[in-house]
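Undergrad: The structure's right below; bear with me while I get my questions together.
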Amino acid sequence: MATLREVKKRIRSVQSTRRITKAMEMVAAAKLRKAQQRVEQAKPYAQKLDEMLGHLAAGSTGEIAHPYFEERPIKKRTLVVIVSDRGLCGSFNSNILRKTDKWIAEHQDAELELVTVGKRANDYYKRRKTPIIQFHGDWGGVMDYGRAREIAAFLAERFTSGQTDEISLAFTRFVSLVRYVTGVESYLPVARPEVGDGDEGAVSDYIFEPTSEQIYAQLMPSYANTKMITALTESFASEHGSRMMAMGNATKNAGEMVDNLTLEYNKARQAQITKELLEVVSGADALAG
Amino acid sequence: MFRLSIVTPEKTFFDADVASLMVPGSEGYLGVLSNHAPLITALKPGRIEYKDADNNPRFVAVSGGFLEVSGNVATLLADAAEDTEEIDVERARAAYDRAWELLKEAGKTAGRVDVKRARLAMERASNRIKIYEEKHR
């Protein structure tokens, strides 16, 4: 019975795997806490900016002219796919990539180009030979506001210069600790704010300084930035949450496996002892007989 | 007294009642007191000054943003905001030098360098340095 030593070896290897998954779970939990905080802290700004845009639209007369509102016939689409750099996070990446594939299949009427955020998306679409115009990797699972602004600036330039006619973001929304929703949301052009949806008896006689056009000129880039920051922070939080869950499950499974293997080991050990005893007894019997 | 909240994309920076507020509007500094008329304005890099409930003046460096005043609530959306104690003056000086180099470069080669961006970066950096130095004189 060589299995005794083999079983022992397997127990040891599963135990060390378990230690690693346990450590990864705890690291992900710590990162999740921080990322979740970022999501929460980014919310007031986005909300207030939305409100301000609404008030601005309600207070200004006539059509709002800003390049970000311009809807053109779509000849080219840009899709920003936001996933993680690293794996071992359960179905986080495959979920969003599946969603993205479906979206791409449904939007075949125009040329498509991708901007990939996270190594996983880049590898995936490089293999599929989908044109990628920019890749942002090596985030280390941490939000970088400067880089988010750079991406937003690049996309805005591409849109306003007419190189692309529509930009969408594919990312995972962090709804709660146990709920992540994947989806593709439009980024540019921005939908014109609804005028007079009268939420709190909106004041419409605002003083604008200098003029509403100039405020729009400054506000719209901030608006686009904020959307990008929201998408990235939520994606990071979802990534850490998924990883924590995946690693938690792995740790649990490894624990069960160790239990089963220990049982098997003890059984084998007992069987061997019984066998040896039998041999001793029958040997003694033979001598006595 | 009116409510002032300063929020940045990263966090809610300040949220409490204040007695007065002074902000760098895009057309120049402007003051806000209680019962101000509804107003929306763009901000440029500069110094926010507000007096808290005990009338102590406070200063905040801001790198552009927007201010909305309506119904005794002032909401200030700042691109970035720092207390005078929080300013990383070394970083600001480095950013200033970098922008300066870029602008010098632009003068030589004409184009290629994003002049507008460099100029804005320089404005933000010099604002931080100015506010820091006012405080630490």
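Undergrad: Might you let me know whether segment A:61-72 holds any residue that is within 14 Å of chain B (Cβ to nearest Cβ) and in contact (Cβ under 8 Å) with a residue 24 or more places away in the chain?
TA: yes
Undergrad: A further question follows. Restricting attention to segment B:6-31, and to residues there that are hydroxyl-bearing (Ser, Thr, Tyr) and either more than 7 Å from chain A (Cβ to nearest Cβ) or not in a strand (DSSP E or B) (or both), which single residue is surrounded by the most Cβ atoms within 10 Å (Cβ to Cβ)?
TA: Here the residue is B:Thr8.
Undergrad: Can you tell me which residue is nearest to A:Thr172 (Cα to Cα) among those in segment A:90-123 that are in contact (Cβ under 8 Å) with a residue 60 or more places away in the chain and of a type in the set (Val, Ile, Thr)?
TA: That would be A:Ile96.
Undergrad: With respect to the numbered conditions (1) within 9 Å of chain A (Cβ to nearest Cβ); (2) hydroxyl-bearing (Ser, Thr, Tyr); (3) more than 22 Å from A:Leu56 (Cα to Cα), which one is the sole condition not fulfilled by B:Tyr50?
TA: Only one criterion is unmet by B:Tyr50, namely (1).
Undergrad: While we're here: Going by the structure shown, is A:Leu261 surrounded by 13 or more Cβ atoms within 10 Å (Cβ to Cβ) and not small (Gly, Ala, Ser)? Can you show your working first?
TA: Details: surrounded by 13 or more Cβ atoms within 10 Å (Cβ to Cβ): yes; not small (Gly, Ala, Ser): yes.
So A:Leu261 fits the description; yes.
Undergrad: Please work out which one of (1) under 28 Å from B:His136 (Cα atoms); (2) surrounded by fewer than 21 Cβ atoms within 10 Å (Cβ to Cβ); (3) more than 14 Å from every other protein chain (Cβ to nearest Cβ) is the condition B:Ser34 fails and give its number.
TA: (1) is the only condition that B:Ser34 fails.
Undergrad: Select, from A:Ala284, A:Ala268, the only residue that is away from every other protein chain (no Cβ under 14 Å), closer than 30 Å to A:Arg19 by Cβ and not in a strand (DSSP E or B).
TA: That would be A:Ala268, the only listed residue that is away from every other protein chain (no Cβ under 14 Å), closer than 30 Å to A:Arg19 by Cβ and not in a strand (DSSP E or B).
Undergrad: Could you please find all residues in segment B:53-71 being within 12 Å of chain A (Cβ to nearest Cβ), touching a strand residue (DSSP E or B) at 6+ places or on another chain (Cβ under 6 Å) and either aromatic (Phe, Trp, Tyr) or under 14 Å from A:Gln218 (Cβ atoms) (or both)? Show your work before the answer.
TA: Of the residues in segment B:53-71, the ones within 12 Å of chain A (Cβ to nearest Cβ) are B:63-71.
Cutting the leftovers down to touching a strand residue (DSSP E or B) at 6+ places or on another chain (Cβ under 6 Å) gives us B:64-69.
Those that are within 12 Å of chain A (Cβ to nearest Cβ), touching a strand residue (DSSP E or B) at 6+ places or on another chain (Cβ under 6 Å) and either aromatic (Phe, Trp, Tyr) or under 14 Å from A:Gln218 (Cβ atoms) (or both): B:Gly64, B:Gly65, B:Phe66, B:Leu67, B:Glu68.
Undergrad: State the number of residues belonging to segment A:48-60 that are more than 9 Å from chain B (Cβ to nearest Cβ) and under 18 Å from B:Gly65 (Cβ atoms). Can you show your working first?
TA: Pass one, segment A:48-60, residues more than 9 Å from chain B (Cβ to nearest Cβ): A:50, A:53-54, A:57-58, A:60.
Add one more test, that the residue is under 18 Å from B:Gly65 (Cβ atoms), and what stays is A:50, A:53-54.
Summing the residues that are more than 9 Å from chain B (Cβ to nearest Cβ) and under 18 Å from B:Gly65 (Cβ atoms) in segment A:48-60 gives 3.
Undergrad: Can I ask one more? Please indicate, with yes or no, whether at least one residue in segment A:84-99 is touching a Pro at 6+ places or on another chain (Cβ under 9 Å) and either surrounded by 14 or more Cβ atoms within 10 Å (Cβ to Cβ) or among the hydroxyl-bearing types (Ser, Thr, Tyr) (or both). Before the answer, list the steps.
TA: Of the residues in segment A:84-99, the ones touching a Pro at 6+ places or on another chain (Cβ under 9 Å) are none.
The answer is no; no qualifying residue exists.
Undergrad: Another one. Is it the case that some residue within segment A:68-83 is surrounded by 19 or more Cβ atoms within 10 Å (Cβ to Cβ), under 24 Å from A:Pro193 (Cβ atoms) and modelled with pLDDT under 90?
TA: Taking every residue of segment A:68-83 in turn, none turns out to be surrounded by 19 or more Cβ atoms within 10 Å (Cβ to Cβ), under 24 Å from A:Pro193 (Cβ atoms) and modelled with pLDDT under 90.
Undergrad: All but one of (1) assigned to a loop (DSSP other than H, G, I, E, B); (2) farther than 17 Å from A:Ile74 by Cβ hold for A:Val190; which doesn't?
TA: (2)
Undergrad: I've got another one for you. I'm told B:Ala74 meets every condition in (1) touching a residue at least 12 places away in the same chain (Cβ under 8 Å); (2) within 14 Å of chain A (Cβ to nearest Cβ); (3) not in a strand (DSSP E or B) except one. Can you identify the failing condition by its number?
TA: Only one criterion in (1) touching a residue at least 12 places away in the same chain (Cβ under 8 Å); (2) within 14 Å of chain A (Cβ to nearest Cβ); (3) not in a strand (DSSP E or B) is unmet by B:Ala74, namely (3).
Undergrad: Still on this structure, please answer the following. Would you check which residues across segment A:82-141 are part of a loop (DSSP other than H, G, I, E, B), of a type in the set (D, E, K, R) and more than 17 Å from the chain's Cα centre (by Cα) and list them?
TA: A:Asp109, A:Arg128, A:Lys129
Undergrad: A further question on this structure: Does any residue of segment B:70-82 turn out to be farther than 23 Å from A:Thr226 by Cβ and surrounded by fewer than 19 Cβ atoms within 10 Å (Cβ to Cβ)?
TA: Filtering segment B:70-82 down to residues farther than 23 Å from A:Thr226 by Cβ leaves B:71-72.
Then drop every residue that is not surrounded by fewer than 19 Cβ atoms within 10 Å (Cβ to Cβ), which leaves B:71-72.
For segment B:70-82, residues farther than 23 Å from A:Thr226 by Cβ and surrounded by fewer than 19 Cβ atoms within 10 Å (Cβ to Cβ): present.
The values are calculated or read from the model by the stated rules, or taken from the named source; none is laboratory data. All values derive from a computational prediction rather than experimental measurement. Cβ atoms come from the backbone with ideal geometry, glycine included; neighbour counts cover every protein chain shown.
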